[in-house]
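Undergrad: Below are the structure tokens for one structure; questions will follow.
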Amino acid sequence: MLRRIASYLKGYEKYAAASPLLVILETGCELTIPLLMAQIINEGILKEDMAPIWRAGALMVLVAVVATFAGGLAAKCATSAAQGLGANLRRAEFEKISSFSFADIDRFSSSSLITRMTNDVTNIQNTAMICLRILIRAATMLIASVVLTLAISPRLALVVLVILPIMAAALLGLMKVCMPLFENMQKALDHLNETVQENLIAVRVVKSYVREDRERSKFMDANDGFTDAGLRAILRMVAMQPVMMICMAAATVLVLYFGGNMVLNLELDVGYLQTVLGYIMQILMSIMFVGMAILQYTRAQASIRRVFEVIDAQSAITDGGADRLPAPKGRVEFRDVSFRYQTEGAGEDVLKNISLDIKPGEFVAIVGGTGTGKSSLVNLIPRFYDVHRGRVLVDGLDVRDYPLDALRGRIGMVLQNNVLFSGTIRENLLWGSENASEEELVQAAKDAQAYDFIMSFPDGFDTSLDQGGVNVSGGQKQRLCIARAMVRKPAVLILDDSTSAVDSATEGKIRESFRENLKGTTVIIIAQRISSVQYADKIVVLDEGTVADVGSHEELMQTSEIYREIYDSQQEGGEGNG
Ligand SMILES: Nc1ncnc2c1ncn2[C@@H]1O[C@H](COP(=O)(O)OP(=O)(O)O)[C@@H](O)[C@H]1O
Ligand SMILES: [Mg+2]
């Protein structure tokens with residue numbers, strides 16, 4: 001896993017390599033200071049000689065300056081490396097997510113994807129920083145201090161051997177206790193993020209149902225959960241402090257006791273006693289820091305796993321390999337198609353044995369109750385999902401054999417819950433086709449009955465839309481979405497319940513302009529109102545995922561009970577809006 005993470009340092013390797021070297025230099029400099037101190041005491045103070053004090057003092061200043069520079073540079077390199085690592089990980093995740101099919105996004109959920117791109121990456125970044133600086137520093141300190149203590153007085157080094165196992169045992173115990181606590185903390189954070197994101201995405205719905213109080217208490221629960229989990233983990237860590245303090249104090253007492261005896265027996269210079277004491281403190285501190293770095297790494301492991309889960313996800317839907325594509329005519333065939341969603345628990349077929357043949361230029365309507373699979377059916381055409389059994393063909397070629405952009409380029413799709421993006425109306429329409437001319441934009445806007453209201457805005461096509469298109473009405477938004485799909489001049493135009501918020505008269509005009517201006521285009525529309533579909537060449541009645549009946553309005557009125565039922569219900573109760 002570490003090697004895998006390291007491969008994402010690409011472009012920042014030199015920082016990642018320089019940082020440990022600089023840390024080692026910094027630490028080395030700091031380690032010589034107690035040695036110089038010993039020289040001042042032994043050669044200078046005890047022998048009452050000023051020269052060694054000057055010499056050692058000057059060296060001390062030099063060493064301190066070098067240490068400061070090395071330290072500063074190390075911090076800079078470690079930061080660059082960690083930030084670079086984060087950027088690379090985010091880029092890899094984003095690229096993968098861009099290739100995700102609808103099914104993949106269903107599987108992860110978009111709020112979890114956001115957490116995985118932000119919080120988890122930050123976690124990894126912080127850990128990289130800690131490993132590059134604190135861990136390297138502590139490890140260098142530890143090794144050098146042990147070596148130096150052994151060199152000065154092997155007997156005093158024995159004290160370390162006594163204290164070390166106690167500290168190591170305490171740290172191991174701490175890690176065992178804290179690991180699951182940190183895991184819980186991360187989960188609680190996930191839950192908190194999920195709550196906030198869901199709430200913000202649906203803020204209008206929350207307000208319209210006056211659910212603020214319920215949502216607030218949901219947030220409070222999640223927030224308290226995170227606080228509790230955090231406190232439990234950190235308090236456990238803090239509880240270890242006294243154990244560490246006792247170890248340090250014990251070590252000091254032992255070193256002073258044995259060392260003092262050695263000085264009295266003239267086995268050790270008093271200056272070195274001071275030095276050894278300094279090194280032994282360094283050893284104990286380093287062990288604590290190593291422990292903390294390991295703890296941080298275990299904490300980050302959950303994040304690393306989550307990030308790689310995204311990067312490694314095999315997108316369910318990838319480009320097909322056909323080398324020759326048929327000319328775009330707009331023919332769509334379903335051959336004995338069955339489909340189910342792969343999400344957990346949903347094992348049932350949503351569509352069962354669907355066979356349909358939609359000819360180029362045909363105007364086809366799909367009707368049926370909610371949840372009968374209308375949206376699922378049309379989502380198979382641009383291959384947002386793959387069929388479970390059977391085949392979907394566009395212009396005679398299986399959709400799975402098309403390169404995705406070639407397939408989707410021939411299809412204009414207005415989704416059931418479509419959105420506009422922040423930017424001007426013109427920019428939004430150009431999503432349909434980047435190279436569309438001004439006349440083409442105007443024509444598409446006119447066909448979608450959007451031209452008049454666009455021109456009624458002071459800035460016309462340059463009117464800014466807020467994210468999601470919140471500053472236009474529902475019906476205007478739907479018409480802009482239709483215009484955007486039409487700019488593409490698709491061979492197949494699919495409207496999934498895209499005129500539900502448009503009044504019947506305007507809808508009638510849109511239908512008329514389709515008839516006149518989209519002669520060669522296959523149009524597939526899903527609609528709730530029979531009045532919107534009765535002029536279609538062919539009406540498909542879906543019922544519980546199967547094709548119940550197919551025919552023209554007149555034919556279906558004769559033969560289809562379901563169709564007649566829908567028709568009658570709309571005659572009595574006015575328009576059945578979905
Ligand atoms: N992303 C999804 N994941 C799992 N099940 C889904 C998903 N989308 C729709 N469904 C289920 O598939 C069935 C058909 O839905 P849909 O095609 O949207 O119906 P319609 O458009 O006719 O209202 C419903 O039972 C719905 O619950
Ligand atoms: Mg639907």
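Undergrad: Taking all pairs of different Cα atoms in region 2-312, averaging 1/r and flipping that mean, what Kirkwood radius in angstroms comes out? Kindly include the intermediate steps, with their values, before the conclusion.
TA: Values: mean 1/r = 0.0437 Å⁻¹.
The Cα-based Kirkwood calculation yields 22.9 Å.
Undergrad: Run the quick spin-label model on M50 and S98: label points 7 Å from Cα toward the beta carbon, then report their separation in nm to one decimal.
TA: With each label point 7 Å from Cα toward Cβ, the separation is 7.2 nm.
Undergrad: Now for a different question. Tell me which residues come under 5 Å, amide H to amide H, from G390 once H is placed; ignore anything under 5 positions away on its chain.
TA: Under 5 Å from the amide H of G390 lie the amide H atoms of S338, each far enough along the sequence or on another chain.
Undergrad: Turning to a different aspect of this structure: Given R₀ = 41 Å, what would the calculated FRET efficiency be for W431 paired with D228, taking r from the Cβ atoms and rounding to 0.05?
TA: On the way: r = 46 Å, r/R0 = 1.11.
After rounding, the FRET efficiency stands at 0.35.
Undergrad: Next question, about the same structure. Against the longest principal axis of the chain, how steep is helix 136-152, in degrees 0 to 90 to the nearest 10, with axes from Cα atoms?
TA: Helix 136-152 sits at roughly 20 degrees to that axis.
Undergrad: Choose one of A406, I53, V332: the residue whose Cα lies farthest towards the positive end of the charge dipole of the chain (beta-carbon charges +1 Lys, Arg; -1 Asp, Glu; about the Cα centre).
TA: About the Cα centre, the residue reaching furthest to the positive side is I53.
Undergrad: To the nearest 20 Debye, how big is the dipole of region 2-312 about its Cα centre, given +1 on the beta carbon of each Lys and Arg and -1 on that of each Asp and Glu?
TA: Working: 28 positive and 25 negative charges, 126 e Å.
For this selection, approximately 600 debye.
Undergrad: Which of the listed residues, L158, S208, A170, is farthest toward the dipole's positive end in region 158-269, when Lys, Arg count +1 and Asp, Glu count -1 at the beta-carbon?
TA: Among L158, S208, A170, the one farthest towards the positive end of the dipole of region 158-269 is S208.
Undergrad: While we're here: For labels at R91 and V162 in the simple 7 Å Cα→Cβ model, what's the distance in nm?
TA: For R91 paired with V162, the spin-label model returns 5.6 nm.
Undergrad: Between D106 and I294, what is the label-to-label distance in nm when each label sits 7 Å out along the Cα-to-Cβ direction?
TA: Roughly 4.5 nm, to one decimal.
Undergrad: If you don't mind, another one. To the nearest 10 degrees, how steep is helix 212-239 against the longest Cα principal axis of the chain, on a 0 to 90 scale?
TA: Tilt of helix 212-239: around 20 degrees.
Undergrad: Which one, G84, V121, A501, projects farthest toward the positive side of the charge dipole computed for the chain from Cβ point charges (K/R +1, D/E -1)?
TA: The one lying farthest along the dipole's positive direction is G84.
Undergrad: Considering only DSSP beta bridges with both partners in the chain, what is the antiparallel share in %, to the nearest 5?
TA: Working: 19 of 36 bridges.
Restricted to the chain, the bridges split so that about 55 percent are antiparallel.
Undergrad: Now for a separate question. Remind me, relative contact order of the chain in percent, using alpha carbon pairs under 8 angstrom and six or more residues apart? Don't skip to the end; give the middle numbers.
TA: Working: 834 pairs, mean separation 79.1, N = 578.
Relative contact order here is 14 percent.
Undergrad: Let me ask something else. Helix-only estimate, please: 222 nm mean residue ellipticity of the chain, summing -39500 (n - 2.57) across DSSP H runs of length 4 or more and dividing by its residues, to the nearest 500. Spell out each step's value before the answer.
TA: Values: 22 runs with 360 residues, N = 578.
Per the formula, -20500 deg cm²/dmol.
Undergrad: For the cross-link pairs K374/K489; K187/K374; K10/K96; K359/K489, which exceed 29 Å when the distance is taken from alpha carbon to alpha carbon? Each step should come with its number before you reach the end.
TA: On the way: K374/K489 23 Å; K187/K374 37 Å; K10/K96 18 Å; K359/K489 17 Å.
Flagged as over cut-off: K187/K374.
Undergrad: What lysines could a cross-link reach from K47, if we take a straight Cα to Cα line under 18 Å and drop same-chain neighbours fewer than 8 places away?
TA: Filter leaves no residues.
Undergrad: Right, something else. To the nearest 0.05, how large is the calculated FRET efficiency for V177 and D466 if R₀ is 51 Å and r is the Cβ-Cβ distance?
TA: Values: r = 49 Å, r/R0 = 0.97.
So the FRET efficiency works out to roughly 0.55.
Undergrad: Next up: Tell me which GluC sites (Glu not before Pro) from region 185-275 have a DSSP coil assignment and no more than 14 other beta carbons within 10 Å of their own. Don't skip to the end; give the middle numbers.
TA: On the way: sites: E194, E198, E212, E215, E267; in loops: E267.
Loop-located and lightly packed - E267.
Undergrad: Roughly what angle does helix 504-517 make with the longest principal axis of the chain, taking Cα atoms, 0 to 90 degrees, to the nearest 10?
TA: Roughly 80 degrees between the two axes.
Since every read-out is calculated from the coordinates, none of them should be taken as a lab result. Keep in mind it's a predicted model, so treat the numbers as computed, not measured. Heads up, the Cβs are rebuilt from the backbone with ideal geometry, glycines too, and the neighbour counts pull from every protein chain shown.
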